[in-house]
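The structure under discussion appears below in the form of structure tokens.
No lab work stands behind these numbers, since they all come straight from the coordinates. This one's a predicted model, so the numbers in the text were calculated from it and none came from an experiment. Every residue, glycine as well, gets a Cβ built from its backbone with ideal geometry; the counts of neighbours run over all protein chains shown.
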């Protein structure tokens, strides 16, 4: 999900997705005021749901922005026969850690 799609999503009757795990946050007062303003503008959504949507969208965009750092090892060939090199950037380790934490949280 992209941040630019959130206002449209919040404007529908479906509202924001409910978080599945509680996380405590300490936010600057101005940000809390802005979250409360959004919840007031979009009453089908709670502040918690809006925060969950914002975090989800920001993480999606962050993942898409992670740099690909090609290594020297060829892992496979694409459909055109061009080599696909290992990624030496943070992405592979991030995905391994993310999946590991997801597995633990689902227990």
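How large is the helix-only mean residue ellipticity at 222 nm for the chain, computed as the sum of -39500 (n - 2.57) over DSSP H runs with n ≥ 4, divided by its residue count, in deg cm²/dmol to the nearest 500?
Helices in the chain give a 222 nm mean residue ellipticity of -16000 deg cm²/dmol.
Rounding to the nearest 10 and keeping the result within 0 to 90°, find how far the Cα-based axis of helix 29-41 lies from the longest principal axis of the chain.
That helix lies at roughly 70 degrees to the long axis.
Which of [x] 16.3; [y] 16.7; [z] 14.2 is the computed Kirkwood radius over Cα pairs in Å for the structure on display?
[y]
How do the peptides 98-107, 61-70 rank, highest first, by the average count of neighbouring beta carbon atoms within 10 Å per residue?
Ranked from most to least packed, the peptides come out as 61-70, 98-107.
So, R0 is 22 Å and r is the distance between the beta-carbons of residue 34 and residue 60; what FRET efficiency does that work out to, to 0.05?
0.60
In the Gaussian network model of the chain, springs joining C-alpha atoms below 10 Å, which of 41, 75, 59 carries the largest mean-square fluctuation?
Most flexible of the set in this elastic network: 75.
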